[in-house]
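Here's the structure, in structure tokens; my notes come after.
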């Protein structure tokens with residue numbers, strides 16, 4: 001076995017895993033995946049993620065409001081009213097980060113609302129001294145502006161990083177790791193693959209984003225945390241290092257970020 005793996009972003013609490021979650025986690029451990037973080041996406045989901053964390057040693061969770069869920073939440077409450085329940089959720093055992101939160105300029109939720117929500121998360125992360133998990137789709141410039149305006153000492157991770165080397169370096173300088181997922185298994189993702197090849201391994205975390213973000217050759221299938229070794233292998237080939245080097249460094253990075 002090449003070492004221990006850490007899936008830094010897996011929606012293991014989603015319904016897609018309800019039929020066989022325990023069996024999948026058993027197989028993950030057999031493959032060397034011993035730890036993962038389950039991100040938060042909406043208030044009604046935080047309790048399920050916390051329960052999953054309590055019931056399965058090695059599984060940790062986060063609490064936050066994903067931009068895809070933002071519009072529904074704002075229909076029923078003011079954004080500022082989210083702060084108190086979010087702070088409560090972040091106090092739960094096994095909660096290691098704020099998020100998933102961020103900006104997605106491909107959805108119809110107004111950018112202004114998304115920016116206000118992200119600013120709230122960044123301020124809360126600073127208040128509770130936790131790292132933050134960032135979702136970013138086509139929003140590099142406004143995201144950088146907000147990260148600089150609301151600095152988080154504990155840093156965080158840019159989930160499912162896709163972009164140029166220049167972008168990667170900017171996030172790393174701000175204290176943000178880059179989440180490396182199934183995208184790098186696609187030969188056509190030249191820009192992202194080249195950026196991650198040139199970034200130091202100390203800046204990278206492995207993630208599956210399961211059940212989403214399928215690997216090349218598995219399009220249309222439910223993605224699984226069991227596939228983290230395949231992502232690690234693709235990264236090992238990009239960096240021309242043995243698989244165990246990827247396992248050891250990315251796991252150390254995740255444990256450092258999430259203080260485990």
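Tabulated data
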quantity	calculated
Hits in region 134-159 (condition: under 29 Å from residue 223 (Cα atoms), part of a loop (DSSP other than H, G, I, E, B) and touching a helix residue (DSSP H, G or I) at 6+ places or on another chain (Cβ under 7 Å))	155
Among the candidates 210, 195, residue that is assigned to a helix (DSSP H, G or I) and either under 18 Å from the mean Cα position of the chain (by Cα) or free of Cβ contacts under 8 Å to residues at least 60 places away in the same chain (or both)	195
Selected residue (criterion: nearest to residue 11 (Cα to Cα)) from residues of region 51-67 that are touching a residue at least 60 places away in the same chain (Cβ under 8 Å) and in contact with a helix residue (DSSP H, G or I) (Cβ under 7 Å, 6 or more places away or on another chain)	60
Filtered residue count, region 157-187, keeping only those that are at pLDDT below 95 and more than 21 Å from residue 103 (Cβ to Cβ)	1
Selection from region 3-27 of residues that are in contact with a strand residue (DSSP E or B) (Cβ under 8 Å, 6 or more places away or on another chain) and either part of a helix (DSSP H, G or I) or free of Cβ contacts under 8 Å to residues at least 12 places away in the same chain (or both)	25
Residue count for region 122-174, restricted to those that are surrounded by fewer than 15 Cβ atoms within 10 Å (Cβ to Cβ), over 22 Å from residue 255 (Cα atoms) and out of contact with any strand residue (DSSP E or B) (no Cβ under 8 Å at 6 or more places or on another chain)	7
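A quick yes/no check of all residues on (1) under 17 Å from the mean Cα position of the chain (by Cα); (2) part of a helix (DSSP H, G or I); (3) under 23 Å from residue 110 (Cβ atoms); (4) without any contact (Cβ under 8 Å) to a residue 24 or more places away in the chain:
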position	(1), (2), (3), (4)
49	yes, yes, no, no
69	yes, yes, yes, no
73	no, yes, yes, no
81	no, yes, yes, yes
84	no, yes, no, yes
87	no, yes, no, no
93	no, no, no, no
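The values are calculated or read from the model by the stated rules, or taken from the named source; none is laboratory data. Note that the structure is predicted; figures quoted are calculated from it, not measured. Ideal geometry is used to build each Cβ from the backbone, glycine not excepted, and the neighbour counts take in all protein chains shown.
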